[in-house]
Structure formats: structure tokens, C-alpha cells
Amino acid sequence: MRPTTTPRAGFTLVEMLAVLLILSILMGILVTSMFSATQTGNEKMTEARITTIAAALGNYEGEHGDYPLSSLDDGLAGSGSELNQGIEALTRALMSGPGGGEDWLDDLLLNSDGDTSKGEQLFELVDMWDNPLAYFHRSDYGEKHTYLTVDQESGEEVETAVEARKHPKTGRWANRRSFQLISAGIDGVFGTSDDLANFDTNE
């Protein structure tokens, strides 16, 4: 009489480890895909913010005859800090409209460097990574402005001397008759390939 075999119950340790490995790989792919989709969405929303601000500046120029300057008057200088001065000057100009500016401004405001003027915060308009946008009126093309951002890779705050950009072929300023708005992009560092702006940064 042939001996009966007992059916094997459950998984072996090797099989369980193989399943866990496959699940880990799939989870890694899923998380990476979700992160990539989120960052792509943040890029698109930052581009939309820049477009909205540029339209508001077009209205401002129509009413005042020029775009806001990208430097604060001595009387409006912050508490010993020149960080983010261009975007602070722009934000202050847009908020000086009737009723403190348009409602959409509120969702874009942050005071990343914590400075004040006469007891009031000097806000910046920020991108989707909560880093201030850099703003240059054409009269400040060629000047270096220092901006404080957070490097997304290291999590550290970084101070960067930012300049308006030139077209690499012609050597002329981008938007030479108006202004430049620039986001440090996904990495939070100005001057890298992922920067976003109100002009073609790949030209």
C-alpha cells in the first residue's frame, strides 16, 4: 500500500519573501509614479500662478503707466534684510489696490524670511513649493537680488543671488520691455534646468 502524502499547508519562507519583494517593488513604482504626478501637477499650477500674476501686472501697468518696481523704498525696507526684496515690492504694490488687492492674492502669500516694515509683514508671492518667486522690473535687469528658498533635496534653506535671464542666442534680456517672474522649480534652487518663468527658460 502506497503511503499517503499530507497536502502542504501555507507558503514556505522563501515564497513569502518572494511575495514581499514583489510587493515592495510594486509599492516603490506606485509611490514614484504618484510623486512624479504630484510634482508635474505642482509645475502646472505654478505656471498658472505665474500667468495669473503676469495678467495682474498687465492691469497694474494699464492703471499706473508702469509695472511695479522690484526694489523697496528706503522707508519700506525690511528689518535689516534684503532677502526676497523684488517679490516683496511686487506683492506690496498688488496689495495696495482697493480693499487690499484681489482675493486670489491671499492664497499665494507667505513671509518666508519673516521680515516686517512698520509692524506689517512683508509678504511674498510663492510657488507651489512655498518658495518665493523672483521678480525683476526691467530697470533692475543686470542687478543681483538675494532670494531665500528651501532646497527640496536637502531640506536646507539656501540663499541665492538671482539675476534676470538673457536669451542665450541673442544675449538680450528676456521680456526686455516689461518684467521677469521666475520660480526655482521642483528642486527649490534658482538657476537650474527646472526653473519656471513667464518666458521660455529653454530658449
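Points worth noting:
- Computing Rg and the Kirkwood Rh from the Cα coordinates of the range 28-197 gives a ratio, Rg/Rh, of 0.97.
- For the range 21-29, 3J(HN,Hα) computed residue by residue from phi via the Karplus equation (6.51, -1.76, 1.60; θ = phi - 60°) reads 5, 4, 5, 5, 5, 5, 5, x, 5 Hz, glycine and proline entered as x.
- Anisotropy class of the range 114-203 from Cα gyration tensor, a/c 1.5 cut: oblate
- Of all aspartates and glutamates in the structure, the ones whose alpha carbon falls short of 12 Å from that of residue 169, not counting any fewer than 8 places away in one chain, are 203.
- Packing rank of 51-62, 132-143, 15-26, where each peptide gets the mean count of other beta carbons within 10 Å, highest leading: 132-143, 51-62, 15-26
- Packing rank of 121-127, 86-92, 145-151, where each peptide gets the mean count of other beta carbons within 10 Å, highest leading: 86-92, 121-127, 145-151
- In order along the range 184-200, phi translates into HN-Hα couplings of 6, x, 4, 7, x, 10, 5, x, 10, 5, 9, 4, 10, 7, 8, 8, 6 Hz, rounded to whole numbers, per the Karplus curve 6.51 cos²θ - 1.76 cosθ + 1.60 with θ = phi - 60° and x for Gly and Pro.
Computed from the coordinates by the stated procedures, all read-outs in this text should not be read as laboratory data. The structure displayed is predicted, hence computed values, not measured ones. Positions of Cβ are generated from backbone atoms using ideal geometry, with glycine treated the same way; all protein chains shown enter the neighbour counts.
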